[in-house]
Amino acid sequence: MKKITLLFLIALLIAACDADNFNMDNDNDVLDEPLPELPIAADNPLTTEGKQLGRMLFYEKKLSRTNTIACASCHHQELAFSDPNRVSFGVDSLTGKRQAMALFNLAYSGNGFFWDGRVDVLRHQSLLPIQDELEMDETLENVVAKLSEEQLYLDQFTKAFGSSEITEEKLGLALEQFLSSLVSETSRYDLYKQGKIDLTASELNGERLYLDRGCDNCHAGSNFDEPRSRFLNNGLDVESDFLDLGRELITNDPADRAKFKVPSLRNIAVTTPYMHDGRFMTLEEVLHHYASGVQESSTLAGPIFLGNNLTLGGFDLTPSEVEDLLNFFDTLTDEDFLTNPDFSNPF
Ligand code: HEC
Ligand code: HEC
């Protein structure tokens, strides 16, 4: 009996050491299943009125101290709700520290929100940019007071929540409904996987290269961000150049130094610039990083780069292969999502 317990403990220990939990089998599991049914919190079901209120709030500049910045100022629909600026501009043109993330399929995220995964629940996440001094720099009390002066909002809160009383909690719930409704699943690649359209030879070769070079070790599954619940260092810098400690800032664990959330690659062709600090302007630069720019450091996702075809020494990428990969990335753009009138500015 004791022996079994010991073996069990050893197995647990081994599993715990393999914290980065790599998927090294290269078994082509990118989008083999469509996105599952939308997981929605039981205490905040999506309603037409609630989503509409969340949408109004998302485009509402009064959420900022200066009444000049809305969520949409940094998250643009036509760019999959990302920001073309390397770091975002908040109130008084103050610059933030990180690149604004694209917003879609958030309800599926099992990995926390923000680059370092510091918040787990959307209704809490959505109130933080309002109070962030480099973003909207406003207090929730002031937002509630400003909105309570407007009949438009008193009416919409009544429609959404049955009473015109505006509270911080309701703000979070309405934004959570809108953010949860941002689902992107009709790219050309989705249609191809559903057998509805064909891809060109170049796009198919790009898909093959994507799998072959091991990109799917980290960006796989129905949202190109699985396996989930991991924060990784994809080799952007050597140790002495770490400017942002990433996940370590949240866990205080040096093993998490310079690790960031693995982003989805859906809509990737329209969400330039790339990485948590927006250092790469083009996907071509990103490809060259993985092919020949990966930097060694104590927290580098080593097994990935040393195993498979992603070696630290780099992999070959001919100009025509780069073109094929870029054509493949273009198939991940979901035009319906980028132009869906349900998500546009309601004012
Ligand atoms: C000044 C620019 C700016 C404004 C305004 C802004 N954001 Fe963001 N947003 C960012 C940046 C930058 C990040 C990444 C921050 C980080 O990782 O620390 C981000 C991240 C997010 C994320 C996390 C996405 C993910 O995949 O983890 C969500 C959700 C989000 N913002 C929603 C909102 C909402 C809702 C508002 C309005 C209440 C808003 N943002 C206002 C810049 C902005
Ligand atoms: C070891 C896991 C891993 C592998 C393998 C990997 N990536 Fe990444 N990828 C990441 C992480 C982590 C980030 C975010 C890093 C950051 O911002 O600091 C990222 C970011 C990106 C981004 C930027 C996304 C954005 O929204 O800014 C692109 C594009 C990308 N990867 C493409 C690829 C391609 C193409 C391959 C194959 C050549 C690949 N990745 C292989 C982990 C990985």
For the chain: accessible area per residue (Å², 1.4 Å): 47 Å²
Give the long-range amide H neighbours of residue 199: residues separated by 5 or more places, or on another chain, with amide H under 5 Å away, using H modelled in the peptide plane at 1.01 Å from N. none
Only loop residues by DSSP count here, and only those with at most 11 other Cβ atoms within 10 Å; note down the trypsin sites (Lys or Arg not before Pro) in region 160-245 that meet that. 196
What net charge do the residues around residue 50 carry, taking every other residue with its C-beta under 11 Å from that of residue 50, with Lys and Arg at +1 and Asp and Glu at -1? +2
Roughly what % antiparallel, to the nearest 5, for the DSSP beta bridges in the chain? 70 percent
Give the peptides 61-70, 159-168 in descending order of average Cβ contacts within 10 Å, highest first. 61-70, 159-168
Karplus-derived HN-Hα couplings along region 341-346 (A = 6.51, B = -1.76, C = 1.60, θ = phi - 60°), whole Hz, x at Gly and Pro: x, 5, 10, 7, 4, x
Give me, ordered by chain and number, the residues 5 or more places off residue 235 or on other chains with an amide H under 5 Å from its own placed amide H. 301
Hey, rough spin-label estimate for residue 150 and residue 239, points 7 angstrom out along Cα→Cβ, what's it come to in nanometres? 5.2 nm
Taking only complete DSSP H runs, can you tell me which helices of the chain stretch 18 Å or more along their own long axis by Cα positions and average at least 1.6 on the Kyte-Doolittle scale? 2-17
Ordered by residue, what ³J(HN,Hα) values in Hz, to whole numbers, does region 35-43 give under the Karplus form 6.51 cos²θ - 1.76 cosθ + 1.60, where θ = phi - 60° and Gly and Pro are x? 4, x, 4, 4, x, 10, 4, 4, 8
If a paramagnetic tag sat 7 Å from the Cα of residue 139 along the Cα-Cβ line, which residues of region 158-179 would have the backbone N under 12 Å from that point? none
Reachable lysines, given that their alpha-carbon falls under 30 Å from the alpha-carbon of residue 62 and they are not under 8 places away in the same chain: 51, 97, 146, 159, 170
Under a Cβ-Cβ cut-off of 13 Å, what is the net charge of the residues other than residue 238 that fall near it, where Lys and Arg count +1 and Asp and Glu count -1? -3
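The values are calculated or read from the model by the stated rules, or taken from the named source; none is laboratory data. In this text, all values refer to a predicted model and were calculated from it rather than measured experimentally. All Cβ positions, glycine included, derive from the backbone under ideal geometry; neighbour counts span all protein chains shown. Protein only, heavy atoms only, side chains kept; ligands, DNA and RNA dropped before computing areas. Shrake-Rupley method; radii C 1.70, N 1.55, O 1.52, S 1.80 Å.
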